[in-house]
Structures are given as C-alpha cells and as structure tokens.
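Worksheet for the structure shown next.
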Amino acid sequence: MAESPPEISLSVPIRHLSLLMFGLFLLLVDDLSLTELVLMKKTHIEKNIAEMNTREKIFHYFKTKHPNLSTIYTLLAIIVSWCGIWGLLWDIPIQPFWRSILTIVLGLFLLYIDDFKLDEI
C-alpha cells in the first residue's frame with residue numbers, strides 16, 4: 001500500500017511567504033535597493049534635496065547620517081527575505097537530498113547574479 005504524502009498546514013507556507021514579502025517590501029522602500037539588486041546597477045543620488053520626495057529625503061538623511069544603521073536595515077531585509085525563501089523551499093514535499101541540492105543551487109545562483117562571477121567562493 002502506497003504511503004500518502006504528509007499533510008502540510010497552510011499556515012506554515014503563508015508565514016514564510018509573508019516573511020519573503022515583508023523582506024522584499026523593506027528592500028523596495030529602502031531607496032529602491034531592490035531595483036538596484038535586480039538590475040545590478042548602482043543608482044547614485046544626484047538630486048537636490050528640494051527635488052526629492054519625502055521617502056527619498058528620509059533615506060538620504062538615514063544613509064548619510066547613520067550609514068551603519070542603514071546597512072543593518074538592508075541586511076535585516078535580506079535576512080528576512082532569505083528566511084522566507086528558505087522556509088518555502090523546506091515546505092516542498094520532496095526527498096531531503098533533492099531539497100538540499102535545490103538549496104545549494106539557489107545559493108550559488110544568488111552568488112552568481114550579484115556580479116556574474118563566483119569569486120566569493
């Protein structure tokens with residue numbers, strides 16, 4: 001008799017998906033860092049303070065006056081996003097070997113899309 005796959009509670013993937021969405025939202029709000037990561041282009045702030053909208057003024061002040069806190073904010077957003085991705089991967093009902101291979105491939109892909117090199121390894 002074939003074993004039935006284990007039942008997965010719907011609240012667990014929703015929790016991981018919400019972590020992923022929250023982390024991506026934090027990156028999007030943070031001076032369009034998500035756009036910089038996806039497009040791999042560093043956008044320099046060359047606007048005058050008068051031309052900036054409120055969000056840009058807040059993050060410009062935050063990044064110039066408190067660069068360490070700004071880095072912590074971005075790292076927190078990346079960590080929360082990664083926790084969401086990791087949790088969603090571990091919710092996939094496949095063999096642990098293939099899940100581990102999928103995690104390694106995803107990690108290498110994320111290292112590669114940064115600068116199209118694997119120098120970090």
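Laboratory data are not the source of any read-out in this text; all were calculated from the coordinates shown. Bear in mind that the values here come from a model prediction, so they are computed numbers and not experimental data. Quick reminder, even Gly has a Cβ in these numbers, built from the backbone with ideal geometry, and neighbours come from all protein chains shown.
What is the extension gain from Ile104 to Val12, computed as 0.36 nm multiplied by their sequence separation minus the C-alpha to C-alpha distance, in nm to one decimal?
Using 0.36 nm per residue and subtracting the Cα-Cα distance, I get 30.9 nm.
Given a Förster distance of 30 angstrom, what is the FRET efficiency for Trp86 paired with Ile49, based on the Cβ-Cβ distance and rounded to 0.05?
0.15
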